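Peer 1: Can you keep this structure in mind? I'll have questions shortly.
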Amino acid sequence: MTIDRTNAALLIAAHGSTVNPDSNAPTLAHTAEIRRRKVFAEVGCAFWKEEPSLRDALFLFDPELVHYVYVVPNFISEGYFTQTVIPRELELNGRITKRANGQTWKYCEPVGNHPMMTDLLLQRARAVAPDVDPAETSLFIVAHGTDLNENSAVAAKREAEKIRALGKYAAVLNVYMEEPPLVSDWQKLTTTPNVVVVPFFISDGLHSYEDIPKLLGIKERRLPSRREPSDGRLGSRPSLKEIFRRNPYETDGRLLFYAPSIGTDAGFADIIIEQAAKFDSDRSGDGGMN
């Protein structure tokens, strides 16, 4: 459907981080891209752990110019943050919230719930290993795991099942950092000559730069921190993204391809826009918070 951009704004709600400087980068990039497309009258973003804060977003859009605000959580799945934190901080009382200033705020589903996520994962897998035969390749979708991240684990399983049903790859597995099936057991879980690993996270950080590579056995030494100058000059920092540029990694005669987190994909901008459009087409605002 077509959104009337003359009086509608988009707010992308994300987690952010006080310790990971790359955490907000994808959200900022998607915000800039959607703003460039002029789909909405205004586009902004807000974070739970960074500035601008979610509370600040309450005053981000002029009610004289913006009558509708679509809130799209930049999260992989429903969970504590989408069901509790964001509604609380944005003072949302349902899928549709009508404010005293005349604005109507529409609370959309998180990006990870959109059906386009499956295609995005397939595209990322092809991009990181364009020359391998999928019939001789296993695809691993890596989530965090543990009870604290139960919903993200479920989301990874759902995507793995959808891709597996397509029959393109020799094997498609949802694996986890802290619960079985473990990503560290990748060599035991499949015997294909090629393995593609895609982290199912919103942004690159310690998990994708450090933890998962160590669990895969492809990181023999710690890359210097972004905060540490590599040659003594102020502002000269090594690229943590080097871990993704070294593909493929050879282990016991098998090739392993390691991709950046899925949330860094430029296609997320399309999904964010689609989630806003989907809100109206599904008429999900007629119900309560799910």
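The values are calculated or read from the model by the stated rules, or taken from the named source; none is laboratory data. Because the structure is predicted, anything quoted here is derived from the model rather than measured. Note: ideal-geometry Cβ built from the backbone for every residue, glycine included; neighbour counts use all protein chains shown. Accessible surface areas use protein heavy atoms only, side chains included; no ligands, DNA or RNA. Shrake-Rupley method; radii C 1.70, N 1.55, O 1.52, S 1.80 Å.
Peer 1: How far, in degrees from 0 to 90, does helix 268-282 lean away from the longest principal axis of the Cα atoms of the chain, to the nearest 10?
Peer 2: Result, in degrees: 50.
Peer 1: Nearest 5 percent is fine: what portion of the DSSP beta bridges confined to the chain is antiparallel? Kindly include the intermediate steps, with their values, before the conclusion.
Peer 2: On the way: 6 of 40 bridges.
Here the antiparallel bridges make up roughly 15 percent for the chain.
Peer 1: Ranked by accessible surface with a 1.4 Å probe, highest first, in what order do ARG99, ARG55 come?
Peer 2: Details: ARG99 40, ARG55 105 Å².
Final ranking, largest accessible area leading: ARG55, ARG99.
Peer 1: For the range 256-262, what does the Karplus curve 6.51 cos²θ - 1.76 cosθ + 1.60, with θ = phi - 60°, yield as ³J(HN,Hα) per residue in whole Hz, taken in order and with x for Gly and Pro?
Peer 2: Values, residue by residue: 10, 10, 10, 9, x, 4, 4 Hz.
Peer 1: Additional query: Find which of LEU28, LEU120, THR104 sits farthest along the positive direction of the dipole of the chain, computed with +1 on the beta-carbon of Lys and Arg, -1 on that of Asp and Glu, about the Cα centre.
Peer 2: Among LEU28, LEU120, THR104, the one farthest towards the positive end of the dipole of the chain is LEU28.
Peer 1: Can I ask one more? With every protein chain in place, what's the accessible area of LYS157 (1.4 Å probe, Å², nearest 10)?
Peer 2: 100
Peer 1: A follow-up question, please. Report, in deg cm²/dmol and to the nearest 500, the calculated mean residue ellipticity at 222 nm for the chain, where each DSSP H run with n ≥ 4 adds -39500 (n - 2.57) and the sum is divided by the residue count. Walk me through the numbers on the way to the answer.
Peer 2: Working: 8 runs with 75 residues, N = 290.
Dividing the helical sum by the residues of the chain leaves -7500 deg cm²/dmol.
Peer 1: Treating only the Cβ atoms of Lys and Arg (+1) and Asp and Glu (-1) as charged, compute the dipole magnitude of the chain about its Cα centre; round to the nearest 20 debye. Don't skip to the answer; put the middle values down first.
Peer 2: Working: 34 positive and 39 negative charges, 76 e Å.
The dipole of the chain has a size of about 360 debye.
Peer 1: Anyone know which of ALA160, ALA269, ALA32 comes out most mobile in the 10 Å Cα GNM of the chain?
Peer 2: For the chain, modelled as a Gaussian network with Cα springs under 10 Å, the answer is ALA32.
Peer 1: Shifting gears a bit: Using the crude model of +1 on Lys and Arg Cβ and -1 on Asp and Glu Cβ, and no other charge, please compute the dipole size for the range 1-66 relative to its Cα centre, in debye to 20. It would help to have the intermediate numbers written out before the result.
Peer 2: On the way: 7 positive and 9 negative charges, 45 e Å.
Around 220 debye, computed over the range 1-66.
Peer 1: In a Gaussian network model over the chain where Cα atoms closer than 10 Å are linked, find which of ARG124, ARG36, ARG95 has the largest mean-square fluctuation.
Peer 2: Maximum fluctuation in the GNM of the chain, among the listed residues, is at ARG36.
Peer 1: Measure off 7 Å from each Cα along the Cα-to-Cβ vector at GLN83 and LYS162, then give the distance between these two points in nanometres to one decimal.
Peer 2: So the two model labels end up 2.0 nm from each other.
Peer 1: Can you count the Lys pairs in the range 87-201 with C-alpha separation below 28 Å, eight or more apart or on different chains? Could the numbers behind the result be given before it?
Peer 2: On the way: LYS98/LYS106; LYS157/LYS168; LYS157/LYS188; LYS162/LYS188; LYS168/LYS188.
Taking the Cα cut-off of 28 Å, the pair count is 5.
Peer 1: Of the accessible area of the chain, with the probe set at 1.4 angstrom, what percent is carbon plus sulfur?
Peer 2: Numbers: 6850 of 13790 Å².
Roughly 50 percent of what the probe reaches on the chain is carbon or sulfur.
Peer 1: Oh, and also: Once phi is turned into θ = phi - 60°, what whole-Hz ³J(HN,Hα) does the Karplus curve with 6.51, -1.76 and 1.60 give for every residue of the range 166-181, x standing for Gly and Pro?
Peer 2: Computed from phi, the couplings for the range 166-181 are 6, x, 7, 9, 4, 7, 10, 10, 8, 10, 9, 6, 10, 8, x, x Hz.
Peer 1: Build a GNM of the chain with springs between Cα atoms under 10 Å: which of ASP131, ASP22, ASP280 gets the top mean-square fluctuation?
Peer 2: Ranking ASP131, ASP22, ASP280 by mean-square fluctuation puts ASP131 first.
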